[in-house]
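Participant: Submitted below is the structure of interest, expressed as structure tokens.
The values are calculated or read from the model by the stated rules, or taken from the named source; none is laboratory data. These numbers were taken from a predicted model, which means no experiment stands behind them. As a convention, Cβ positions derive from the backbone with ideal geometry for all residues, glycine included, and neighbour counts pool all protein chains shown. These area figures cover heavy atoms from the full protein model, side chains too; ligands, DNA and RNA do not enter into them. Shrake-Rupley method; radii C 1.70, N 1.55, O 1.52, S 1.80 Å.
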Amino acid sequence: MANTIALTLVTGFLGAGKTTLINRLLRDPALSDTAVIVNEFGAVGIDHLLVEEASDGVVELSDGCLCCTVRGALVDTLLGLDERLSNDRAAKLRRVVIETTGLADPVPVLQALAAHPALAARFRLDGVVTLVDCMYGRATLEAHEEARHQVAVADRLLLTKTDLVDADALRGLKAYLAELAPGLEPLSVDEMDAAALIDCSALEIGSRAAPVLREASPYHDHHHDHDHDHDHEHGHSAAFDTILLTNDRPIVGSALENFLDLLRSQCGPHILRLKGIVELSGRPERPLVVQGVRQILHEPRYLAEWPDETRGVRLVIIGTGLDERYVRGVFAAFVGEAAVDTPDRTALQDNPLAIAGFRP
Ligand SMILES: Nc1nc2c(ncn2[C@@H]2O[C@H](COP(=O)(O)OP(=O)(O)OP(=O)(O)O)[C@@H](O)[C@H]2O)c(=O)[nH]1
């Protein structure tokens with residue numbers, strides 16, 4: 001079975017909409033021959049919980065960022081994919097979609113895939129699909145080299161959140177993207193079926209990635225941080241902090257609202273991404289998914305059911321220059337665990353701004 005499985009790398013900065021696209025892909029009957037590999041960043045895996053069909057066909061690759069520490073794990077996962085899937089899915093397998101973390105530089109991942117003889121014999125790179133968030137795309141691209149690499153090597157550029165910007169902003173972003181990836185016409189992610197969006201077989205594949213691959217040294221000298229709790233600093237353009245906040249009891253809706261509101265007002269410029277699964281005390285049977293990208297909180301939604309046994313509150317905050325002690329102190333206050341030297345919740349809640357949608 002030589003070289004028959006198409007590989008698609010889905011990339012895009014934090015919060016660009018990768019998981020949303022993956023969920024669309026998984027619902028598309030045209031992709032029943034597809035397996036998805038979801039890469040997690042940081043000490044906690046939330047993404048795989050948000051991938052709705054967390055059953056056969058979805059393989060979680062956790063505890064590291066694909067572009068550095070888990071390249072070996074990716075190779076192993078691809079080579080051992082048959083054992084991870086049902087016989088039926090393995091027999092039908094024609095495509096593998098790899099969702100990278102938002103911070104991943106796709107170049108070393110592509111290098112790892114291209115350089116491995118056993119992989120090269122079984123898989124062919126169909127394309128790199130890069131999602132760009134129309135709200136924050138420009139600022140993100142200007143600030144983060146990884147994001148520019150994601151665009152530079154894209155075979156297909158997909159614009160997300162076009163519904164949140166006006167025509168002028170969209171034109172401006174497209175002009176900027178045309179400088180980074182000349183000749184590549186961005187498509188809106190809503191423009192066609194999910195399967196068609198990721199199918200790059202008609203394009204001249206590899207042509208965009210090739211020069212970047214040639215320029216980059218195959219094993220650039222990373223500072224590897226295998227712990228991955230904080231200081232995700234290994235060749236990325238800046239240090240990224242990840243803070244995991246957990247509490248094993250449900251939280252009151254208004255306390256969650258006020259916590260998030262305070263967090264955004266006090267730490268907003270330092271937050272790149274916030275996501276979590278929350279048990280609200282008024283509605284414990286269904287988990288609330290909280291999503292934030294920079295200062296914007298997206299509409300929270302309830303999942304139909306809990307994806308695993310864990311209850312309570314799980315929130316991940318990824319950012320730069322975050323004051324972890326402050327964030328933990330405020331969280332502890334809102335979940336009722338204030339220590340002596342942390343702020344009092346009543347004082348913190350004295351905040352007139354409320355975020356719609358959190359009350360059950
Ligand atoms: N309005 C709007 N919201 C969107 C769109 N695409 C994604 N979102 C929302 O943006 C938030 C982040 O989307 P995700 O799909 O989780 O983004 P991601 O790229 O997987 O995020 P990371 O895994 O953190 O890198 C979610 O609340 C989505 O519902 C879009 O086209 N329009």
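Participant: If I model a spin label at Asp166 and Leu303 as a point 7 Å from the Cα along the Cα→Cβ vector, what separation in nanometres do I get?
Facilitator: 3.8 nm
Participant: Probe radius 1.4 Å, ligands and nucleic acids ignored: give me the carbon and sulfur share of the accessible area of the stretch 112-194 as a rounded percent.
Facilitator: 54 percent
Participant: Continuing with this model, one more query. Just tell me which lysines come within less than 19 Å, Cα to Cα, of Lys161; anything on the same chain fewer than 8 places away is out.
Facilitator: Those lysines meeting the cut-off are Lys18, Lys174, Lys275.
Participant: Using the beta-carbon distance between Ala143 and Glu83 and R0 = 41 Å, what value does 1/(1 + (r/R0)^6) give for FRET efficiency, to the nearest 0.05?
Facilitator: Rounded to the nearest 0.05, the efficiency is 0.50.
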